[in-house]
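Q: Sharing a structure below in structure tokens format, with a few things to ask.
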Amino acid sequence: LLKRGRELQVVRRDLPLGLLVEVTMAADEAGDRWMVEHLDEYQGDALRELVEARIDLLRDMLDAENEGWT
């Protein structure tokens, strides 16, 4: 998916693809662990919003528009 995203110029290119894969997987796994530990604190809309925010976090991290320092 990340490789195809690069081809479409929507995934950042300032970091090696392998590093993006590793960082994405690590962030997703950390989010999973945290959610398991705190799942009883979130229900209904709050849980849905948390999941959406996690997706936004990954999207923002990979977005080509966030490439480099500005």
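Q: I need the full set of residues from segment 38-69 which are assigned to a loop (DSSP other than H, G, I, E, B) and either more than 22 Å from Gly18 (Cβ to Cβ) or touching a Cys at 6+ places or on another chain (Cβ under 6 Å) (or both), in order please.
A: Result: Tyr42, Gln43.
Q: Separate question: Is at least one residue of segment 38-46 at pLDDT 95 or above and among the hydrophobic types (A, V, I, L, M, F, W, C)?
A: Yes, that holds for at least one residue.
Q: (1) in contact with a Gly (Cβ under 9 Å, 6 or more places away or on another chain); (2) free of Cβ contacts under 8 Å to residues at least 24 places away in the same chain: which one isn't true of Leu47, the others all being true?
A: (1)
The values are calculated or read from the model by the stated rules, or taken from the named source; none is laboratory data. Owing to the predicted nature of the structure, the values given are computational and were not obtained by experimental measurement. Virtual Cβ from ideal backbone geometry, glycine too; neighbours counted across all protein chains shown.
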